[in-house]
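Asks: Let me begin by handing over the structure; questions about it come next.
The values are calculated or read from the model by the stated rules, or taken from the named source; none is laboratory data. The structure displayed is predicted, hence computed values, not measured ones. Cβ placement follows ideal geometry from the backbone for every residue including glycine, while neighbour counts extend to all protein chains displayed.
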C-alpha cells in the first residue's frame, strides 16, 4: 500500500527551496516570514539542513564528491 509521501523527493539536489514549499531548507523557518536571501547564498555552498515540507532536521552526510540529506518522512536527496 502506497503512502502519501511515496512519490519523488520534494526538493531537488542543490536547489534552494524557499518559495515553493512551506519551510526554508537552510534555517527551517517558514518561507513566508522574512527574507531568506542569506539562506539562498549559503545554500550555494552548503547542503540543506531542514526538510522544506515538514521542517524536520535532516540527516546530512558530506563527502568529497557531494552530499546526501535524508528526511525520516520524505526520503533521501543528493547533490
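Asks: From 21, 16, grab the single residue that is at pLDDT below 85 and touching a helix residue (DSSP H, G or I) at 6+ places or on another chain (Cβ under 7 Å). Write out each step before concluding.
Replies: Values: 21 fails: touching a helix residue (DSSP H, G or I) at 6+ places or on another chain (Cβ under 7 Å).
The unique qualifying residue is 16.
Asks: Output the residues belonging to the range 46-70 that are out of contact with any strand residue (DSSP E or B) (no Cβ under 6 Å at 6 or more places or on another chain) and without any contact (Cβ under 8 Å) to a residue 12 or more places away in the chain.
Replies: 63, 64, 65
Asks: Is it the case that residue 28 is touching a residue at least 60 places away in the same chain (Cβ under 8 Å) and on the phi > 0 side of the Ramachandran plot?
Replies: no
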